[in-house]
Every structure is written in C-alpha cells, then in structure tokens.
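So the structure is just underneath, and the comments pick up after that.
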Amino acid sequence: MKKCIFLFVLSLLLSVAYPQYENQFVLPDQGKVAGGLGLNWIDGQLYYNINFRPEVSLGNFGAGLDLKLDFDKNGKLRKENFNEFSDYISVIRYLRYGLKGDPVFVKLGALDYYTLGNGSIMYMYNNSPSYDVRHSGLVVDVDFGLIGLESIYSNFGEAGVVGIRGYTRPFKFTSLGDIPIIGNITVGVTYASDFNKYAGITSGVYSPSKNDFISKNDNGAINILGADLTLPLLNTGIVGVKLYTDFAKIVNFGSGVATGIIVNLNGLGLVNAQAKLERQFNGKKYIPSYFNSLYEVERFRLDTLNSTNLQVNSKIRKLEAMGDGDNGYFGSLGVDVLGLFYVTGSYQRLDKSPNSGILNINAQIAPEQFPVVVRSGYNKINIKDETDLFKLDDRSYLFFELGYKPMSYLLVSMVYNWTFTPVRDNDKNIVNYQPIKRIEPRVTFIYPFNM
C-alpha cells in the first residue's frame, strides 16, 4: 500500500501537462483557426510538416478538423499519413453535440481517454494511441435524472471496441428522493466487447506470404459484463463524497470486485480537486480495466514477419496467463488551480504480479495571458518496479511540448513524442506496433473569433 501511494504521488510531482487539453472544445458561439509549419525527425529521418486545425462552435454544436501532412526531402508524402480509409475520416477531429457532463453529449471522431462508469471495465480508453493509426468512433452519453446511458464505439473503419452502460437512480422521484443520500443512489449495468478479428487470438502459425494464420487458437470476441452501485455520502456543494462497488465478469474467464471512495472538492473556482482510492479483489484469469489507454497497441502483436512460427503477444494471452487471483490498488488525483494549471494522474498495481503497474499522467500549464506553454504527458503499462517507471520502450507513450508566445496569436514550440507506428503485412493488416520518436520544431498561428 505504501509503495502504491509513493509511486502515485511521485508521478504527480513529475508531471506538467498533456496534449489532451490542446484539443479541448472552443466555447459556444466562438471559433478558432490554428495551423502551422514544422520539421519532424521521425526515427532520425527528416520530414516537413504542415498542419491545419480549425474549430467552430454554434450553440450546442461543435466541429473541429485536424489535417497533418509530413513530406520527405523529395516532397513525397509519408505513406503512413494516408494509407487506409480511416486516415481520411480522421481529418474530421470531432463533431459534437453538447459537452461532457451535459444531459446529452454526442461526439464523433477521435475519442481521447474515455471511461465507462467507475472504470473497472474501461478506463481512459483511447481509440487512436498512434499518430499513424487514427480512428473515428462515437460516444453517446445521456442523463435524464431517473435513467441514463453511457456508450462508445471505437472504430467505424473496422470491427472494434464497443461499450454500453445503462444506469438508474431508482429513488430519484419517489418519496425518498428528497433525502440526498438515498435519492442519488445509482445502480448501473455494463456490457463491453471487442469484435476485432485479432481480439481473441492467443497463439498460432502465421504465414507472411499468405498474410494470414495457417492455424490459430482463437477465443473470438472478448465480452465483459458488469454491475455497479454508487452511494453518495456527502454533497455540500463544496465537498462531495461517494462510495462505490463494481463487479465485472470476463465471459469464459474470471471475475473481480472493486470498491472505493471518490472525494470531490469545489474550491469556489480557486482550487478544484478529485481524489479516488480503490481496492481491487481479482479472481483467477481476470484483469481489471481490461480496456485501458494503450489497449489498441496491446490487443495483438506478432513478434516478427520473418518466420512462419510467430510468437503472439496479445492482451488475451496475458489474461489466460493470470493464475491465482491477485488483488490490487488503484489511486487517482486531479487538481485544477484557477483554470490555469491542471494535472491529473493515476496509478494501478496488483499485489503479487511484478509486471502489473499502469501509470497515466494528464495535465497542462497554459494560462491565457502567460507567454510560456508547457504540455506533456506519459502513459505506461506493464510496469515492473520503480526503476521501470520512466523507461521508454514499447510499453510507453510520451508527449512533451515547450513553447513561447511572442504574440497572442503565435506559438513557437518544440515537441517531443515517443509514440508508435504500425507494422503491416502485405494486405495492410496491422500485426504489430513498434515505438518511434518524433521531434518537431513547430510554429503555430492561432486566431480565435466570435460567431
């Protein structure tokens, strides 16, 4: 327990910011045109970069584009920019109705760090963890007081991850509804699955010449069922406290229970914070938060394409290897100071499994009137110990941007990105991911306007 808390606090102290906030929605009836030029060194090779990112918001509706082009020294477009149908769709960064937390929120496009319920099944899931593989999905969240729905579909280009959570506040409009604790008791049920053709493969013999498996052990789609209960203990407008319990069952595998506490602090606009601490009781062949931030990378990998007997490294193979149940801890903390500085981080580790750590850090320092902009963030899975926390490898995603605004509409920055590029077979199927470095000096022009 002490080790878990120590690592979690350390991760927060070392964090500064995260690119997720570069893509926050513009305010209603406002717009923004951003674009720029830069140089990219991708694994040591130079590319010239052009990007264009306009956004507009009219009432509850909003839209944003994201066009990024990399040209080599001969003026040839990098092949990973546009080599599949989803790359063209992903130029539409998002189309939306409403904002997260509204009674109705709909978003089409890139889905950054989506969580279903309390996160026991899906936590901070990202449908586009690789710059070179950008998917377009759909989120629909509705809350009508008595009942509500959270839902996600990850990829319109092919079969992918789907998640649906329905919930109710059964006493909301009864005679007991005037009692805050009872009136806001929430009961939910969740179904999540991955229908990708590689989601259930644990082993097999793969033929590079045929671009397919000759034989394989395939469990098919991954299906997870869940139920949750949330009990609000306190809500004064300044302090809110909730207790929750989640149950999840991976069909044909194991199950687990998580119970925890969430504390919200509303500091009258000065300091807002949320803290969460959870104890996990995991059965045999069960992994909590199966769909996590790097699931799209972790789902399926072939070690090499130079053999007919290829080693499969997949999430479901890891699931099958989970022997006796291994309990664990999860903690998260988010702090917002005056809307100028925001940081949130989480850390998860099982008690006895040495490669079970999962770290996520998200934040930003970018005040409107402050000339220096810092954005960075870090995700890592399968962490072994403290010395392994910040080692960059094929389990890591890192973003860092340091910029200066000589004028309100001009940002000069340096961007470092440790990310992934796909390895494809001859039919353009993604059969692996390998880490790459992107180093980009960037000049961005930003022009906000009112509608």
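The values are calculated or read from the model by the stated rules, or taken from the named source; none is laboratory data. Worth saying up front: this structure is predicted, and the values here are computed from it rather than measured. Positions of Cβ are backbone-derived with ideal geometry, glycine not excepted, and every protein chain shown enters the neighbour counts.
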| Within region 322-337, is there a residue that is modelled with pLDDT of 80 or more, over 28 Å from V263 (Cβ atoms) and in a helix (DSSP H, G or I)? | no
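Scan K249, K242 and give me the residue that is over 18 Å from G163 (Cβ atoms) and basic (K, R). Give the steps one after another, and end with the answer.
Details: K249 fails: over 18 Å from G163 (Cβ atoms).
Result: K242 is the single residue among K249, K242 that is over 18 Å from G163 (Cβ atoms) and basic (K, R).
Can you tell which of V373, V423 is touching a residue at least 12 places away in the same chain (Cβ under 8 Å), in a strand (DSSP E or B), closer than 27 Å to L270 by Cβ and in contact with a strand residue (DSSP E or B) (Cβ under 9 Å, 6 or more places away or on another chain)?
Working: V423 fails: closer than 27 Å to L270 by Cβ.
The match here is V373.
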| Out of region 120-168, which residues are in contact with a Gly (Cβ under 9 Å, 6 or more places away or on another chain), assigned to a loop (DSSP other than H, G, I, E, B) and closer than 29 Å to R438 by Cα? | N127, S128, H135, S136, S154, N155, F156, G160
| request: State which residue pairs qualify: first residue of a type in the set (F, W, Y) and inside region 311-332, second residue assigned to a helix (DSSP H, G or I) in any location, beta carbons under 7 Å apart, and separation of 6 or more residues or different chains. | output: Y329/C4
| request: Output the residue which, of all residues in region 270-305 that are within 15 Å of L359 (Cα to Cα) and among the hydrophobic types (A, V, I, L, M, F, W, C), is surrounded by the most Cβ atoms within 10 Å (Cβ to Cβ). | output: F291
| request: Return the pairs, sorted by first residue and then second, in which the second residue is of a type in the set (K, R) and not in a strand (DSSP E or B), the first residue lies in region 345-365 and is farther than 29 Å from L402 by Cβ, the beta carbons are less than 6 Å apart, and the residues are 6+ apart or on different chains. | output: P354/K384; N355/K384
| Assuming S314 fulfils every condition listed in (1) more than 21 Å from Y397 (Cβ to Cβ); (2) surrounded by 14 or more Cβ atoms within 10 Å (Cβ to Cβ) apart from one, which condition is it? | (1)
| said: Step by step: first the residues of region 21-64, then only those that are within 25 Å of the chain's Cα centre (by Cα), surrounded by fewer than 18 Cβ atoms within 10 Å (Cβ to Cβ) and among the polar types (S, T, N, Q), then the one that is modelled with the highest pLDDT. Which residue is that? | reply: N60
| note | If we ask which residues in region 328-375 are in contact with a Leu (Cβ under 7 Å, 6 or more places away or on another chain) and surrounded by fewer than 17 Cβ atoms within 10 Å (Cβ to Cβ), their number turns out to be 2
| field | Check on S413, part of a strand (DSSP E or B), more than 17 Å from the chain's Cα centre (by Cα), surrounded by 14 or more Cβ atoms within 10 Å (Cβ to Cβ) and not charged (D, E, K, R) | value | yes
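Going by the structure shown, is V9 within 30 Å of F390 (Cα to Cα), modelled with pLDDT under 70 and under 24 Å from the mean Cα position of the chain (by Cα)?
Values: within 30 Å of F390 (Cα to Cα): yes; modelled with pLDDT under 70: yes; under 24 Å from the mean Cα position of the chain (by Cα): yes.
Yes.
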